[in-house]
Amino acid sequence: MLTIAETTEGALVRIAEIAAIVPAHVRPRVRCVLCEHALVPKLGTKLRHHFAHLPGSSCPAAGGEGEVHLAAKLHMTLLLRELIAARLHLPAPSACGLCGEPYTQALLTFESTDQVQIERSVGSRRPDLIVRRGDRVIAAIEIVVSNPCTDERWADLLSTNAVVVEVRGEDVLALPDTQTWLDDPIEYSRVSLLQQDPACPSCLAALDEEHRRPRAEAITRCALDVRFPDGRRTQDTFEVWREWDGTRWVRAFIQSALRGRLWELEGTCDDIEELRVRGREVFRSYRAELVRGAAAYSCDTFAEDALPGTILAELASSWWWQPARTRWVQVYSFQEAAARLQIRRTTFGRWVKERRVRAIYVRRDRDAQEDTRCFDAEDIDERTRRLENWRRTAPTLTSQQFFALRVRNTMDAIRAGEAVWDEERSG
């Protein structure tokens with residue numbers, strides 16, 4: 001049933017407004033927005049008050065789905081105009097992405113100069129309703145009675161970069177006023193430009209309160225692990241902090257777990273990059289003092305924003321404790337040694353069985369109980385150097401030299417190459 005019509009002056013009126021005007025002869029004449037033919041107010045007691053076309057009308061809104069569609073468009077138009085006049089927002093039901101509670105989300109906030117228009121062209125499409133802000137379309141609304149928007153039509157409307165909403169006509173007609181719509185928004189069939197995981201006002205207020213609470217945050221941290229020849233091990237954590245007083249960053253400081261505060265700055269500390277650079281300078285000076293006389297040390301940054309620049313340090317994972325010699329030694333694992341020598345693992349495994357390489361037993365930490373077999377880095381590096389020399393020398397050996405040296409396998413060949421290389425070096 002049509003419950004909204006247009007006066008001869010072009011204003012939209014509800015049937016309740018017409019019914020309130022007595023006597024009947026002073027009521028304004030109204031017409032259909034679609035066909036512009038006269039409408040008659042039906043104010044009986046058996047049916048709900050409504051406007052009706054004259055008998056024999058061919059207007060699509062004269063009955064059935066067309067009437068529901070038109071009534072929903074007109075009702076939505078009035079609701080939108082009331083929201084615009086009050087500078088309110090277009091409501092949508094949503095669930096808080098933090099607490100999960102339902103709340104009403106604002107798809108967009110209207111301004112008093114926004115205009116609602118019925119079936120105006122937007123690109124190649126004519127949505128049921130649009131909201132314009134100057135020359136720009138900020139919202140497009142499709143009202144569905146039986147056939148929803150096709151995917152092609154929906155994609156065309158999305159290309160306008162406006163909020164696009166599809167809503168059922170019966171849901172629109174069930175809204176008595178804008179306050180009800182704001183308090184208990186209707187479910188949209190489809191909606192675009194809805195925020196992902198939005199937060200409800202309560203959670204936003206809690207986040208804002210948390211933001212204003214005084215606190216200190218670490219900009220970056222760096223762990224320093226130092227190992228000395230006599231078996232001592234020193235571990236320290238180096239941190240760059242700044243303090244928030246509720247409104248601004250007021251203090252920054254650099255501290256060590258062992259030495260306490262190493263540096264402090266009073267005043268505005270908004271520039272994180274500047275604090276990182278300062279942290280790197282202080283850390284380098286502190287590290288040089290701490291690792292003096294060390295056998296090995298490692299640095300590990302563990303923060304989203306690490307200290308800028310590459311800190312030159314030997315990996316602690318390659319330095320293990322050798323109980324037999326009571327010192328830290330640099331070692332390679334089986335795979336690392338084979339890769340270092342540039343030979344197949346099967347070949348390296350044969351060398352290990354024949355004791356051509358020196359295996360040593362070490363521990364990850366001085367106090368560890370289990371021994372692990374590794375390979376002395378000095379031995380592997382020396383063999384790598386000799387192999388590289390052999391690879392450079394081998395092409396110069398003649399077949400007669402190979403036979404003369406009784407080359408039987410790869411290892412003999414290497415020895416032959418080393419012998420030639422040693423002879424050339426001594427000469």
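The values are calculated or read from the model by the stated rules, or taken from the named source; none is laboratory data. Keep in mind that this is a model prediction, so the values were computed, not measured. In this analysis, Cβ positions are derived from the backbone assuming ideal geometry, glycine residues included, and neighbour counts consider all displayed protein chains.
Quick notes on this structure:
- For the residues Cys269, Cys222, the requirement of being out of contact with any Lys or Arg (no Cβ under 6 Å at 6 or more places or on another chain) and either among the small types (Gly, Ala, Ser) or surrounded by 12 or more Cβ atoms within 10 Å (Cβ to Cβ) (or both) singles out Cys222.
- Residue check for His53: within 17 Å of Ala174 (Cβ to Cβ) and more than 38 Å from the chain's Cα centre (by Cα): no
- Any chance Glu274 is among the charged types (D, E, K, R), at pLDDT 85 or above and surrounded by fewer than 16 Cβ atoms within 10 Å (Cβ to Cβ): yes
- Pairing residues of region 112-137 that are hydroxyl-bearing (Ser, Thr, Tyr) with residues that are surrounded by 14 or more Cβ atoms within 10 Å (Cβ to Cβ), at Cβ distances under 8 Å and at least 6 apart in sequence or on separate chains, gives Ser112/Ile84; Thr113/Arg133; Ser124/Asp156.
- Index of the failed condition, Lys73 passing every other in (1) outside any helix (DSSP H, G or I); (2) modelled with pLDDT of 80 or more: (1)
- Lone qualifier among Glu152, Glu170, Glu217 - being modelled with pLDDT of 85 or more and outside any helix (DSSP H, G or I): Glu217
- Reported count of residues in region 256-289, each being more than 31 Å from the chain's Cα centre (by Cα) and either of a type in the set (S, T, N, Q) or not in a loop (DSSP other than H, G, I, E, B) (or both), is 17.
- Which listed residue, of Asp245, Asp236, Asp183, is modelled with pLDDT under 85 and of a type in the set (D, E, K, R): Asp183
- Residue match in region 77-86 (condition: of a type outside the set (Phe, Trp, Tyr), farther than 20 Å from Ile118 by Cα and in the same structural domain as Arg133 (by TED's automatic domain parsing)): yes
- Region 126-148 - residue that is acidic (Asp, Glu) and out of contact with any helix residue (DSSP H, G or I) (no Cβ under 6 Å at 6 or more places or on another chain) and, of those, surrounded by the fewest Cβ atoms within 10 Å (Cβ to Cβ): Asp135
- Looking across region 225-248, the residues that are more than 30 Å from Asp367 (Cα to Cα) and surrounded by 18 or more Cβ atoms within 10 Å (Cβ to Cβ) come down to Val240, Trp241, Arg242.
- Per-region count, region 63-117, residues of a type in the set (Ser, Thr, Tyr), within 17 Å of Val131 (Cα to Cα) and crowded, with 16+ Cβ neighbours inside 10 Å: 1
- Test for Glu142: is it in contact with a Pro (Cβ under 9 Å, 6 or more places away or on another chain) and modelled with pLDDT of 85 or more: yes
- Region 335-349, residues that are surrounded by 15 or more Cβ atoms within 10 Å (Cβ to Cβ) and charged (D, E, K, R): Glu336, Arg340
- Complete set of residues in region 68-107 that are within 19 Å of Val164 (Cα to Cα) and among the β-branched types (Val, Ile, Thr): Thr77, Ile84, Thr104
- Selection from region 78-101 of residues that are closer than 18 Å to Asp184 by Cα and not aliphatic (A, V, I, L, M): Glu82, His89, Pro91, Pro93, Ser94, Cys96, Gly100, Glu101
Condition check ((1) among the basic types (Lys, Arg); (2) farther than 17 Å from Arg386 by Cβ; (3) at pLDDT 85 or above; (4) assigned by TED's automatic domain parsing to the domain that holds Ala377) across all residues:
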site: Trp321; (1), (2), (3), (4): no, yes, no, yes
site: Trp328; (1), (2), (3), (4): no, yes, no, yes
site: Arg340; (1), (2), (3), (4): yes, no, yes, yes
site: Thr346; (1), (2), (3), (4): no, yes, yes, yes
site: Trp351; (1), (2), (3), (4): no, no, yes, yes
site: Ile360; (1), (2), (3), (4): no, yes, yes, yes
site: Asp367; (1), (2), (3), (4): no, yes, no, yes
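- Residue tally, condition part of a loop (DSSP other than H, G, I, E, B) and more than 58 Å from the chain's Cα centre (by Cα), over region 15-42: 6
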